[in-house]
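Student: Sharing a structure, written as structure tokens. Questions coming.
Throughout, read-outs are computed from the coordinates displayed, never taken from laboratory work. For clarity, every value in this text was computed on a predicted model and none was experimentally measured. Neighbour counts are summed over all protein chains in view; Cβ atoms, including those assigned to glycine, are modelled from backbone coordinates with ideal geometry.
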Amino acid sequence: MTELPPDIGHDRPGVVVSSLGFLLVVAALVIIWVARLTVPREMYVSELGATGEPTAGWFRAALLLIVAGGSLIAFVGRRIRTIAPLLGAWAPAVSLWIGCGFFLVASEVTCTQGCPLPYGPTFTWQDFTHTSAAVLAFAAACWAMLQTSFALGHVALRRFSLACGIAVGVIAGGGGILSLARFGTNVGSVLELLATTIALGWLAVFGLAVGRQSATKNIEELVGEPHELMDLVFVPVDPPHPGLGLDGNEVTVLLPHDERAFGT
């Protein structure tokens with residue numbers, strides 16, 4: 001009797017797709033940080049893409065990389081399910097795709113210079129559209145984190161997702177409150193950048209995790225079912241073949257474990 005190794009049934013295309021998604025998300029995070037460091041004044045992340053900003057093109061590229069990378073990661077992890085009644089209404093992958101859709105809108109409709117809040121005398125439909133899309137994208141990402149924190153199996157990923165979901169919600173919420181109050185912009189902008197970093201970091205780690213197992217060939221591994229105990233059985237082959245076994249006349253086969261086999 002032996003335990004089925006976790007690498008049996010890996011889907012190489014799934015690993016390639018998730019790895020590509022991981023690289024795209026990491027590249028987006030690097031672009032956002034580099035762009036932010038080139039600006040000497042305090043600003044919220046969305047201001048990097050504001051009309052007229054020298055970093056606008058890079059910011060749009062970063063959002064598009066997030067859309068592409070997040071979509072690929074969601075595709076590979078589309079079979080992960082959540083056990084919590086409310087959170088399990090749909091898969092975490094659906095939440096990621098929804099978030100990617102809103103990020104796509106935010107990339108195409110950026111805010112105006114200074115990214116003023118879309119209410120009062122500074123209201124514009126452009127700022128309203130961008131701000132709403134960005135907020136909903138973050139909300140969808142947080143929902144995906146919470147869903148994953150109650151997914152079957154993957155204990156380490158569940159704990160990591162719960163910590164990231166709470167952190168992003170609290171930090172982004174704090175930055176949003178400061179922004180609405182038009183107070184402490186220097187603190188609020190740092191909080192938003194930190195929340196963005198945690199969210200993209202979670203997405204990258206999630207991509208690596210779902211890439212380890214195939215969503216189409218190894219569903220049990222992906223959703224966290226325990227490794228099945230297997231029996232190692234030698235099956236005779238006639239006529240012998242030089243590529244099989246030691247003498248070319250037997251092949252090793254893994255079969256579901258049967259406790260009764262030891263008593264027969």
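Student: Pop the C-beta distance of residue 83 and residue 170 into the FRET formula with R0 = 22 Å and round what comes out to the nearest 0.05.
Tutor: 0.35
Student: How many nm separate the modelled label positions at residue 155 and residue 34, each set 7 Å beyond the Cα in the direction of the Cβ?
Tutor: 4.0 nm
Student: Continuing with this model, one more query. Calculate, for residue 42 and residue 94, the FRET efficiency according to 1/(1 + (r/R0)^6) with r their C-beta to C-beta distance and R0 22 Å; round to the nearest 0.05.
Tutor: 0.05
Student: Treat the count of other C-beta atoms within 10 Å as a stand-in for reagent exposure and order 125, 202, 143 from fewest to most.
Tutor: The order, fewest Cβ neighbours first, is 125, 143, 202.
Student: Follow-up question, since we're still on this one. According to the square roots a ≥ b ≥ c of the eigenvalues of the Cα gyration tensor, what is the shape class of the stretch 1-124, taking rounded for a/c under 1.5, prolate for a/b larger than b/c otherwise, and oblate for the remainder?
Tutor: Since a/c reaches 1.5 and a/b is larger than b/c, the shape of the stretch 1-124 is classed as prolate.
Student: Name the long-range amide H neighbours of residue 81: under 5 Å, sequence gap of 5 or more, or other chain; modelled H, no Pro or chain starts.
Tutor: 152
Student: Residue separation times 0.36 nm, minus the C-alpha to C-alpha distance between residue 132 and residue 60: what's the value?
Tutor: Length gained, residue 132 through residue 60: 24.3 nm.
Student: Find out how many positive minus negative residues lie around residue 94, taking Lys and Arg as positive, Asp and Glu as negative, among other residues whose Cβ is under 15 Å from that of residue 94.
Tutor: Once positives and negatives cancel, what remains is +3.
Student: In addition: Of the peptides 58-69, 87-98, how do they stack up when ordered by the mean number of other Cβ atoms within 10 Å, highest first?
Tutor: So the order, starting with the most tightly packed, is 58-69, 87-98.
Student: With 10 angstrom as the radius, rank 149, 71, 19 by how many other C-beta atoms surround their C-beta, starting from the fewest.
Tutor: 19, 71, 149
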